Amino acid sequence: MFKTAKSRQELLKFNLFGFRLSFQKMKISMRRAALFAIALLFTTHFASACSESTTIVHTTNYPQTRRVNVVEEHFGQAIADPYRWLENDVRNDKEVAAWVESQNKVTNSYLDKLPGRDIFKDRLKQLYNYEQFSIPVKQGGRYFYLYNSGLQNQPVLYVRDSVDGVGRVLIDPNRWAKDGATALAEWSASDDGKRVVYAVQDSGSDWRTIRVLDVNTGKVLDDEVKWVRFSPTIAWAKDGSGFFYARFPEPKQGTESQASVANHAIYFHAIGTPQAQDRLVYATPDQPTLGHYLSITEDGRYIVIVSTPASIGNKLTVVDLQSADWKPRKLVDNLDDQWSVIGNVGTKFFLRTTQDAPRLKVVTMDIASADPVITDVVPEQDSVLGNASLVSGRLLISTRVDVKTEVRRYTLDGKPDGMVKLPGIGTAGGFKSDPDDSETFFIFTSFNTPGVIYRYDVASNKAQVWAKPKVAIDLNRIAVEQRFYKSKDGTRIPMFIVRRKDVTVAAPTLLYAYGGFGIPILPEFLPAPLGWVEQGGVYAIANIRGGSEYGKAWHEAGRRQKKQNVFDDFIAAAEYLKAQGITPQNGLAIQGGSNGGLLIGAVVNQRPDLFAATLPQVGVMDMLRFDQFTGGKLWLDEYGSPAQEADFRNLLKYSPYHNIQSGKAYPAILATTADTDDRVVPGHTFKYVAALQAADIGDKPHLVRIETRAGHGAGKPTDKIIEETADMWAFAAHWTRLDVKPAK
């Protein structure tokens with residue numbers, strides 16, 4: 001969608017986890033979003049207390065789970081894995097499919113009896129039922145954007161012939177599948193606005209099929225490109241002759257969902273030709289675990305390729321499309337720092353980098369020289385430099401000040417040129433445009449502000465509303481505050497607290513965090529948490545280490561051997577909420593997805609006494625085998641390698657699957673996953689839940705909810721999001737004693 005290179009955080013967010021997309025649905029470039037269990041074979045009974053005044057008893061048997069004799073030696077230590085068979089693909093293994101069916105039957109029977117479930121579901125339908133727009137992309141005088149009228153399962157691609165014209169439908173994915181599980185994924189309009197290339201995503205899979213649409217006629221061309229994966233940008237050639245994309249080799253039939261992610265490559269597809277003739281642009285067969293993420297400069301001359309194994313740094317390569325051989329030229333050939341291209345003026349490139357600047361800075365590099373000199377333009381500051389754009393002779397830079405966005409203007413030589421006035425405290429993103437066009441757009445959002453699209457004129461430094469949604473809740477009743485607390489080692493950690501203004505005493509709380517891959521969790525509007533807050537609950541977001549809220553150092557402090565800092569930060573947040581009287585002693589539920597699911601599984605093992613209920617979603621639960629599936633090898637630099645002894649020892653200490661503590665009372669647990677998740681494969685959760693159900697950890701329920709025809713989150717239909725959230729909130733409300741009442 002954007003021609004200039006995305007930030008590394010955006011690439012990681014899209015390609016590794018993308019989990020929070022399922023929670024917010026239409027939030028285009030921002031978030032919020034990712035292994036397995038030892039168990040014994042026996043049947044467990046449990047009874048659950050609903051509240052102090054009412055007790056509802058649900059007695060049931062967990063499904064029996066077959067145990068196999070798998071023991072492997074790692075650095076002199078025997079590791080049992082009796083549920084290895086649950087790693088098999090549910091679509092190919094009848095026994096795994098039967099296990100999924102039996103687990104869902106037990107879970108659904110339990111959830112059906114929970115008070116408040118229907119109340120949450122009905123209210124969430126109302127909260128999700130509001131207009132949602134993406135930032136429009138201007139090409140050939142036309143404006144392309146995504147739009148969801150409210151409860152549509154998938155956003156629809158529209159086009160306007162003028163900025164305030166009437167939109168018409170170009171692509172409506174809601175017609176593609178009866179269950180709404182086939183989605184429009186990445187898309188890009190050609191420079192002349194006459195064609196749109198788009199990717200089709202089915203059942204939440206990371207695999208994509210690319211097609212091309214004629215904008216004037218609405219006809220889908222014969223071009224079809226398959227086996228596309230982790231290609232957040234599909235970039236048109238300037239003349240519209242074809243497009244660039246990233247793909248993997250075609251997997252063997254029957255292994256698509258669990259195929260290893262290796263040998264990523266960039267190709268060019270010429271319109272009207274078969275995929276077999278696509279031109280290879282860039283590949284690194286000697287480094288098969290590198291992921292390659294492309295963009296094209298606004299002048300159409302250069303392809304920019306960011307290469308990374310999901311580490312804290314990346315390589316940077318350019319291809320001059322004016323050359324006959326398209327020979328790649330390496331500008332940065334190491335993984336020491338982060339580099340991304342903001343834009344260019346001829347051969348002069350503007351870049352974001354962490355080189356000698358953990359909070360990032362803007363530099364220039366003139367690639368006309370054989371040995372380009374790097375020159376600082378906007379030096380490192382106290383705030384964290386986020387996204388940057390080159391628009392109408394100005395640098396527009398979004399910075400993060402204690403996790404809140406400011407947008408600063410600079411001339412191209414780095415002189416300050418004022419600020420872009422934002423409507424409040426929150427998060428702003430966008431500002432992508434032709435460098436010579438003064439018109440651009442941005443989105444602003446916060447916990448109590450739905451995504452408003454603004455049209456911004458760079459020359460006058462003025463913004464006006466282009467699209468503002470109306471929501472079915474009085475947001476003036478919602479209070480948002482930011483607090484700071486100290487972690488175990490004394491580090492100061494920010495946390496946002498969202499609640500009704502009239503909630504002034506301790507109330508049942510949902511605590512969320514992510515803590516990994518340098519992905520910051522920023523203020524944004526999410527309908528789902530408001531369903532909890534509206535009932536009188538508290539929603540808290542801890543900006544723990546492992547993200548990039550305070551730059552590179554914040555990320556490094558929560559990766560590899562320092563991963564325990566992430567868990568300590570989260571545990572300290574839970575203790576703070578209780579100590580400050582925000583949360584009652586028996587009223588805390590915790591939630592996280594993907595890498596955040598790992599977080600939830602780890603802290604529950606370490607401090608089961610702190611929590612009343614836990615909601616680990618699509619979690620990475622077996623830290624000794626995560627690298628054996630799909631994209632797991634891309635995460636080695638974040639977690640460390642199980643094949644290296646020092647990393648193995650560290651991973652074993654916190655792996656959720658391997659550290660369940662029999663003999664201790666655990667909170668109620670509702671794990672969620674999806675049967676076709678090919679990013680964090682569902683076997684992670686299957687094995688973890690089997691271990692929980694077999695362990696002696698108390699009589700509270702330890703259940704799994706397994707979605708069908710769904711993946712890791714992106715592309716998930718709205719109705720499935722609502723149903724899953726209603727189940728989670730009802731479960732958490734039951735165990736935190738939140739009194740759920742029908743909306744007035």
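For a Förster distance of 22 Å, can you work out the FRET efficiency between the beta-carbons of Gln64 and Ala97, rounded to the nearest 0.05? Don't skip to the end; give the middle numbers.
Numbers: r = 15 Å, r/R0 = 0.70.
It comes to 0.90.
Simple rule: put +1 on each Lys or Arg Cβ and -1 on each Asp or Glu Cβ in the chain, find the dipole, and look at Val169, Thr673, Phe484; the Cα lying farthest toward the positive end is Phe484. In the structure shown, the pairs Lys633/Lys716; Lys219/Lys470; Lys653/Lys741; Lys113/Lys178; Lys415/Lys562 are assessed against 32 Å; a Cα-Cα span above that value is assigned to Lys219/Lys470; Lys653/Lys741; Lys415/Lys562.
Under the simplified labelling scheme, the Asp402-Asp739 pair shows an inter-label distance of 3.5 nm, with each label point 7 Å from Cα along Cα→Cβ.
Per residue, how big is the convex hull around the C-alpha atoms of region 54-198? Give it to me in cubic angstrom, could you? Please list the in-between numbers first.
Details: hull volume 34.3 nm³, N = 145.
Each residue corresponds to 237 Å³ of Cα convex hull volume.
Computing FRET efficiency as 1/(1 + (r/R0)^6) for Asp696 and Arg649, where r is the C-beta to C-beta distance and R0 is 22 Å, gives about 0.25. Converting phi to 3J(HN,Hα) with the Karplus coefficients 6.51, -1.76 and 1.60 and the offset θ = phi - 60°, region 104-114 yields 4, 4, 5, 5, 4, 4, 5, 5, 4, 8, 6 Hz in sequence order, with x at every glycine or proline.
Largest first, the residues Ser460, Ser383 sort by 1.4 Å accessible area into Ser460, Ser383.
Rolling a 1.4 Å probe over the protein heavy atoms leaves Asp699 with an accessible area of roughly 90 Å². The accessible surface of the chain, taken with every protein chain in place and a 1.4 Å probe, is 48 percent carbon and sulfur. Applying D = kT/(6 pi eta Rh) to region 250-386, where Rh is the Kirkwood radius over alpha-carbon pairs, T corresponds to 25 °C and eta to 0.890 mPa s, the Stokes-Einstein value obtained is 148 µm²/s. Packing, taken as the mean count of other beta carbons within 10 Å per residue, orders the peptides 635-646, 305-316 from highest to lowest as 305-316, 635-646.
Dipole orientation for the chain: of the candidates Leu652, Gly418, Ala199, Gly418 has the Cα lying most toward the positive pole (charges on Cβ; Lys, Arg +1; Asp, Glu -1). Here the extension length gained between Glu481 and Gln277 equals 67.8 nm, from 0.36 nm per residue of separation less the Cα-Cα distance. Accessible surface calculations at 1.4 Å, restricted to protein heavy atoms, place region 181-336 at 37 Å² per residue.
Lys563: net charge of surrounding residues, Cβ under 13 Å, Lys/Arg +1, Asp/Glu -1, itself excluded? Neighbour charge sum, excluding Lys563 itself: 0. Of Ile305, Leu598, Leu703, whose Cα points farthest to the positive end of the dipole of the chain (charges on the beta-carbon: +1 Lys, Arg; -1 Asp, Glu; origin at the Cα centre)? Among Ile305, Leu598, Leu703, the one farthest towards the positive end of the dipole of the chain is Leu703. With Cα atoms as the point set, the radius of gyration and Dmax of region 128-263 evaluate to 15.6, 49 Å. Available extension along the chain between Lys468 and Thr375 is 29.4 nm, counting 0.36 nm per residue and deducting the alpha carbon span. Loop-located trypsin sites (Lys or Arg not before Pro) across region 460-518 with a Cβ neighbour count of 12 or fewer within 10 Å are Lys470, Lys501, with loop assigned by DSSP. Grab every C-alpha pair in the chain, bin the distances at 20 angstrom width from 0 up to the longest one, and report whole percents. Taking all Cα pairs of the chain, the binned fractions are 18, 54, 27, 2 percent. Out of the DSSP beta bridges found with both residues in region 489-617, what percent are antiparallel (nearest 5)? DSSP beta bridges in region 489-617 are roughly 20 percent antiparallel.
What GluC sites (Glu not before Pro) in region 449-546 are in a loop by DSSP, with at most 15 other Cβ atoms within 10 Å of the Cβ? Sites meeting the loop and neighbour criteria: none at all. Per the Kirkwood formula applied to alpha carbons, region 581-687 shows a radius of gyration over Rh ratio, Rg over Rh, of 1.00.
Shape summary: region 347-501 maps onto an equivalent ellipsoid whose semi-axes, from the alpha-carbon gyration tensor, are 32, 23, 10 Å in decreasing order.
Centre-to-centre separation between the Cα atoms of region 58-88 and those of region 660-736: 18 Å. Label separation (Thr504 vs Lys113): 4.0 nm, computed from points 7 Å beyond Cα along the C-beta direction.
In deg cm²/dmol, rounded to 500, what helix-only [θ] at 222 nm does the chain give when every DSSP H run of at least 4 residues adds -39500 (n - 2.57) and the total is split over its residues? Mind dumping the intermediate values first?
Values: 12 runs with 125 residues, N = 744.
The helix-only estimate for the chain comes to -5000 deg cm²/dmol at 222 nm.
At the residue level, Glu575 shows approximately 80 square angstrom of accessible surface with a 1.4 angstrom probe and all protein chains present.
So, with +1 on the Cβ of K and R and -1 on the Cβ of D and E, and no other charges, what is the size of the charge dipole of the chain about its Cα centre, to the nearest 20 debye? Write out the running numbers ahead of the final one.
On the way: 89 positive and 83 negative charges, 286 e Å.
For this selection, approximately 1380 debye.
Given +1 at the Cβ of Lys and Arg, -1 at the Cβ of Asp and Glu and no other charges, the dipole of region 561-703 around its Cα centre is 200 debye to the nearest 20. Shown are Glu724, Glu556, whose ranking by accessible area with a 1.4 Å probe and every protein chain present, most to least, is Glu556, Glu724.
For the pair region 191-268 and region 399-439, the centres of their Cα atoms are 32 angstrom apart. Ordered by solvent-accessible area of protein heavy atoms (1.4 Å probe), largest first, the residues Thr353, Thr491 come out as Thr491, Thr353. Excluding residues fewer than 8 places away in the same chain, name every one of the aspartates and glutamates whose C-alpha is closer than 18 Å to that of Lys315. Straight-distance partners of Lys315: Glu10, Asp286, Asp333, Asp336, Asp337, Asp356, Asp366, Asp371, Asp637, Glu638.
Relative contact order, percent, of region 545-649 when contacts are C-alpha pairs under 8 Å separated by at least 6 residues?
Numbers: 132 pairs, mean separation 22.9, N = 105.
Value for region 545-649: 22 percent.
When only alpha carbons are used to place a centre, region 274-351 and region 449-512 end up 37 Å from one another. Rg and Dmax of region 265-313, based on Cα coordinates, read 12.8, 40 Å.
The values are calculated or read from the model by the stated rules, or taken from the named source; none is laboratory data. Predicted model, so just to flag it, every value in this text is computed and none were measured. A quick note on method: Cβ atoms are made from the backbone with ideal geometry, for glycine too, and the neighbour counts reach across all protein chains shown. Just the protein is used for accessible areas: all its heavy atoms, side chains included, with ligands, DNA and RNA removed. Shrake-Rupley method; radii C 1.70, N 1.55, O 1.52, S 1.80 Å.
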